[in-house]
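K.L.:
Here you go, one structure.
Nothing in this text is a laboratory measurement; each read-out follows from the coordinates by a stated rule. All values derive from a computational prediction rather than experimental measurement. For neighbour counting, all protein chains shown are included, and Cβ atoms are generated from backbone atoms with ideal geometry for every residue, glycine included.
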Amino acid sequence: MNQFDNYIDGEWVRGATTSANLNPSNLDDVIGEFAQADDAQTRDAIAAARRAFARWSLSTPQQRFDLLDQAGSVILARKAELGRLLAREEGKTLPEAIGEVGRAGQIFKFFAGEALRIGGESVPSVRPGMTVEMTREPLGVIGLITPWNFPIAIPAWKIAPALAYGNTVVIKPADLVPASTWELVKIIAEAGAPAGVINLVMGRGSVVGEAIVNSPDVDAVSFTGSVATGRAIGAKCFATGKKFQLEMGGKNPMVIVDDADLDVAVEACINGAFFSTGQRCTASSRLIVTEGIHDRFVDALKARMKALKVGDALADGTHIGPVVDDRQLQQDERYIAVAREEGGEVFGGERVEASTRGYFLAPALVTNTTAAMRINREEVFGPVATVIKVKDYHEALAVANDTEFGLSAGICTTSLSLASHFRRHVQAGMVMVNTATAGVDYHAPFGGRKGSSYGPREQGSYAREFYTTVKTSYINPGAV
Ligand code: NAD
């Protein structure tokens, strides 16, 4: 069995224990045994990052460009192979997984360029002769804690800006999917990262994650995951004086109004609700439909759902891969049962038989729901969407905003005025018009509002707000 070690201070080191990484399409396929760090090993990684920061923070933009550019080239060149690994450990389909790896490569290319574009500003002083300049400096050691649903893209969109702006990194990937991050860290190491600049500690959140969050030697934490974990991490970061950024859950609305193009609406909802097995923080989990189009839309959506093939993530022709693990499968089924008990009518949502032991679940559509039901208030994180019938656009907007979350929101309409009104008034970090709530560009800012996010945006040039700190200098040239 292949063993995969932690990476600390430029060395691959055995963990305290190991954990098996299983393929959710085929539980008899073990991807490898992955090191599990303990508290002491995590502290070693943090200490290595602290030592490396002294030099890396003073590296030239060219050195940082070269490292990230080289890593990006390797990721892109290996995207078919890495995509296969990703699909095997997480369960999204092979084309989706290859697409995710491609995105990770592009992110590294983008942030290679950002290393050259950090720049600064100056303003004329209100005092005679004085100059005022604003420059950006790295923060220090950044702890990165990532979820299982984007095993390479999320580590990439945190590691790349952290390194581009001169920080050093300790990353803890989700325990369910360590392989993609392991490969990513190896690529960065082989691209020439000096010892200690990037450190990988795999293992449990309650051990490795806690050690990162509680360490006085970590300057900032960027977290993506669930609301409960994020809020607990935020409180600890605040208590220990760290800068922190939290990207958390969603209950994203997709509004379909009477004048929508039916085909566009159905495709946007199939993609947004069910692709990647619905395991996206930006998934369209609430379909809010005005009464004039409701019946036609539901019929067309169900017909399209029947044609979706659920199965092995690596098999040709699979549209929806397995649920990531048994716990998530049980959560999906529990919510489907809750929706039924609340009076919802469930279409689909049954387990799918396959030739391998895996967690296969047919996509589920729950009709006849109201905004107050639990199924419309709590994140399921599976291939489960609801339909809420409303009278008109204004009721749809009110229902869309009636949630504690605010990550992504969409509208399908052929009316420019409704689309414009929705863009301005929906409470979300990202708005989609006639396209799925999930699926974004790698060079544009990503993040939400309300309970979905805390802190500055990730990705694009906006990432510098989190990964740098501003210094304001007042310069008096003295007597001339
Ligand atoms: P999770 O909160 O269970 O775990 C996320 C990470 O936190 C994992 O690495 C985990 O090991 C770690 N962790 C757990 N307990 C910890 C602790 N006490 N201290 C420190 N770290 C700890 O989330 P998940 O199940 O991996 O991911 C699914 C969630 O992620 C969903 O809610 C989804 O919406 C969210 N998500 C959000 C975004 C976004 O950008 N907004 C993107 C992807 C996923």
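K.L.:
Want the number for SER206 to SER415: 0.36 nm per residue separation, take away the alpha-carbon distance, what's left?
P.N.:
70.3 nm
K.L.:
Starting from the 7 Å offset along Cα-to-Cβ, what nm value, one decimal, do you get for the label separation of ALA80 and VAL13?
P.N.:
My value for the distance between the label points is 3.8 nm.
K.L.:
Also: Can you give the helix-only mean residue ellipticity at 222 nm for the chain, where every DSSP H stretch with n ≥ 4 adds -39500 (n - 2.57) and the sum goes over all residues, rounded to the nearest 500 deg cm²/dmol?
P.N.:
-11500 deg cm²/dmol
K.L.:
What is the calculated FRET efficiency for ASP316 to THR472, with r their C-beta to C-beta distance and R₀ = 51 Å, to the nearest 0.05?
P.N.:
With a Förster radius of 51 Å, E is 0.30.
K.L.:
Rounding to the nearest 10 and keeping the result within 0 to 90°, find how far the Cα-based axis of helix 227-239 lies from the longest principal axis of the chain.
P.N.:
20
K.L.:
Determine the distance separating the Cα centre of region 236-256 from the Cα centre of region 271-330; give it in Å without decimals.
P.N.:
The distance from the Cα centre of region 236-256 to that of region 271-330 comes to 25 Å.
K.L.:
Give me a comma-separated list of calculated 3J(HN,Hα) values for region 36-42, in order, Karplus coefficients 6.51, -1.76, 1.60 applied at θ = phi - 60°, integers in Hz, x for any Gly or Pro.
P.N.:
After applying 6.51 cos²θ - 1.76 cosθ + 1.60, I find 10, 6, 10, 4, 5, 5, 5 Hz.
K.L.:
Aspartates and glutamates near LYS236 by alpha-carbon distance under 15 Å, same-chain residues fewer than 8 away left out - which ones?
P.N.:
GLU210, ASP217, ASP219
K.L.:
Just to confirm a number: summing +1 for Lys and Arg and -1 for Asp and Glu over residues other than LEU94 whose beta-carbon lies under 12 angstrom from that of LEU94, what do you get?
P.N.:
-2
K.L.:
Between ASN434 and LYS186, what's the calculated FRET efficiency when r is the beta-carbon distance and R0 is 45 Å? Round to 0.05.
P.N.:
0.65
K.L.:
Run through the DSSP bridge list for region 252-433 and note the antiparallel percent, rounded to the nearest 5.
P.N.:
The antiparallel proportion sits near 20 percent.
K.L.:
Is the chain rounded, prolate or oblate when judged by the Cα gyration tensor, a ≥ b ≥ c being the square roots of its eigenvalues, rounded requiring a/c under 1.5 and prolate requiring a/b larger than b/c?
P.N.:
It is oblate, given that a/c is not under 1.5 and a/b is not larger than b/c.
K.L.:
Checking the a/c ratio against 1.5 first, then a/b against b/c, what shape does the Cα gyration tensor give for region 319-384?
P.N.:
prolate
K.L.:
Less than 20 Å apart at the alpha-carbon level, and either on another chain or at least 8 residues along: which lysines does that give for LYS302?
P.N.:
Candidates past the 8-residue exclusion: LYS389.
K.L.:
I would also like to ask the following. Nearest 0.05, what FRET efficiency do THR370 and LYS302 give at R0 = 22 Å with Cβ-Cβ as r?
P.N.:
According to the calculation, E is roughly 0.65.
K.L.:
Enumerate the aspartates and glutamates that LYS109 could reach by cross-link, defined here as Cα to Cα under 18 Å, with residues fewer than 8 away along the same chain left out.
P.N.:
Counting by Cα, and skipping residues close in sequence, LYS109 has these aspartates and glutamates nearby: ASP66, ASP69, GLU100, GLU183, GLU190, ASP441, GLU458.
K.L.:
To continue, here is another question. Can you tell me the length gained on complete extension of the stretch VAL352 to GLU137, counting 0.36 nm per residue apart and subtracting the Cα distance?
P.N.:
Going from the current span to full extension adds 72.1 nm.
K.L.:
Going highest first, how would you order 380-386, 315-321, 184-190, 405-411 by mean Cβ packing within 10 Å?
P.N.:
Averaged packing, sorted descending, gives the order 405-411, 380-386, 184-190, 315-321.
K.L.:
Can you tell me the Rg and Dmax of region 252-433, counting just the alpha carbons, in angstroms?
P.N.:
Here Rg and the maximum Cα pair distance are 15.6, 51 Å.
K.L.:
Then there's this: Considering only DSSP beta bridges with both partners in the chain, what is the antiparallel share in %, to the nearest 5?
P.N.:
Around 45 percent of the beta bridges assigned by DSSP in the chain are antiparallel ones.
K.L.:
Sticking with this one: Among 63-73, 364-374, how do they line up from the highest to the lowest mean number of other beta-carbon atoms within 10 Å?
P.N.:
The peptides rank, most packed first, as 63-73, 364-374.
K.L.:
For the chain, find the longest principal axis of its Cα atoms and tell me its angle to the long axis of helix 79-90, 0 to 90°, nearest 10.
P.N.:
The angle comes out at about 60 degrees.
K.L.:
Tell me, what HN-Hα J-couplings in whole Hz come from the Karplus equation 6.51 cos²θ - 1.76 cosθ + 1.60 at θ = phi - 60° for each residue of region 55-67, using x for Gly and Pro?
P.N.:
Karplus values, whole Hz, x for Gly and Pro: 8, 5, 5, 9, 5, 7, x, 5, 4, 6, 4, 4, 4.
K.L.:
Using θ = phi - 60° and the Karplus form 6.51 cos²θ - 1.76 cosθ + 1.60, what ³J(HN,Hα) does each residue of region 212-217 get, whole Hz, x for Gly and Pro?
P.N.:
5, 5, 8, 5, x, 8
K.L.:
Provide the gained length on full extension for the span GLU465 to ASP217, in nm with one decimal, where the gain is 0.36 nm per separating residue minus the Cα-Cα distance.
P.N.:
Between GLU465 and ASP217, full extension yields 87.2 nm more.
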